[in-house]
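> One structure follows; several queries about it will come next.
Read-outs throughout are calculated quantities, based only on the coordinates presented, and are distinct from any laboratory measurement. Only a predicted model underlies this, so the values are computations on that prediction, with no experimental measurement involved. No Cβ is skipped: glycine too gets one built from the backbone with ideal geometry, and neighbour counts run over all protein chains shown.
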Amino acid sequence: MEWNNKDHSFCESKLLGIPEYLNSISSFLISCFGWYGLFYTPNADIFIDTVNSLIIILGIGSVGYHWTGNIGWGLMDELPMILGITLGSLYVDYIYRILNPYPTIYIKLEVLFYLTGVVLFLVVNGMVNHRYSFPENFGFLSFILLYKIIRLLNIIKIDKKREILDKLIFSIVTIITSVFIWTCTEKLCDYFNSYILLLGHPLWHFTIGFGFYNLIQCIYFIKLDIEYPDLYKLTYNKYKLINLIFSNNINT
């Protein structure tokens, strides 16, 4: 496999060919969410900065992927997604360990098996005969992250849990909507040559980026409230986007 080898195509290239202009331009939106999170999340720790940096790289890789159709750019698009969601899951596990400092054997084995699966995913994702399995494998990792977040929420007691739950539901609904949009438009494109389907992938870029951006913030503020309640209140009120989304719910 070489960087310039052609990879599988999306709806836009099927209808209009390479480069995919709409998909390439909309890919910048993904990096914008990462950029905003990296430089405008007050008091963020290294985990949050790392995930947001990966989102920026993901957006750049996505631009190259849709512009060229090359597998090298494709992997630069997909690997940050895998690493980012893995770090997100480990971040949730870290918060869980704060509240449960004496993990059971089951919890330790869970980490081992989870990382084994991630490594296998990273390996097979670069194999030509497994390139089409990325959406299903990434969806499975996303489901694991959701499970870990729900497990964490069941044991925490935070001052603004209602707001956190509202934000979590908002982000999950956004992510599920993005998956629905991608699946419908890309699959329908195999059967219908309709230009309206070209809007699906750019809309996916916005909704998946926005959804995971908000999910990251949700996890971040859970950790802040557990470890530093006073800092949590200050940071939460400073964060403009969160104040905008919850303008009717937040008591400043």
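> Provide a single number: the residues in the stretch 91-119 that are surrounded by fewer than 17 Cβ atoms within 10 Å (Cβ to Cβ), of a type outside the set (Phe, Trp, Tyr) and part of a helix (DSSP H, G or I).
Qualifying residue count for the region: 14.
> Right, next: For ASP93, only one of the following conditions fails: (1) in contact (Cβ under 8 Å) with a residue 40 or more places away in the chain; (2) over 22 Å from TYR147 (Cα atoms); (3) of a type in the set (Asp, Glu). What is its number?
Single failed check for ASP93: (2).
> Which count do you get for residues in the stretch 93-119 that are more than 21 Å from the chain's Cα centre (by Cα), within 17 Å of LEU141 (Cα to Cα) and among the polar types (S, T, N, Q)?
Number satisfying all stated conditions: 0.
> Does the stretch 41-63 include one or more residues that are assigned to a helix (DSSP H, G or I), of a type in the set (Phe, Trp, Tyr) and farther than 29 Å from PHE192 by Cα?
Taking every residue of the stretch 41-63 in turn, at least one turns out to be assigned to a helix (DSSP H, G or I), of a type in the set (Phe, Trp, Tyr) and farther than 29 Å from PHE192 by Cα.
> Among residues belonging to the stretch 120-160 that are among the basic types (Lys, Arg) and not in a helix (DSSP H, G or I), point out the one that is nearest to the chain's Cα centre (by Cα).
Once the filter is applied, the top-ranked residue is LYS160.
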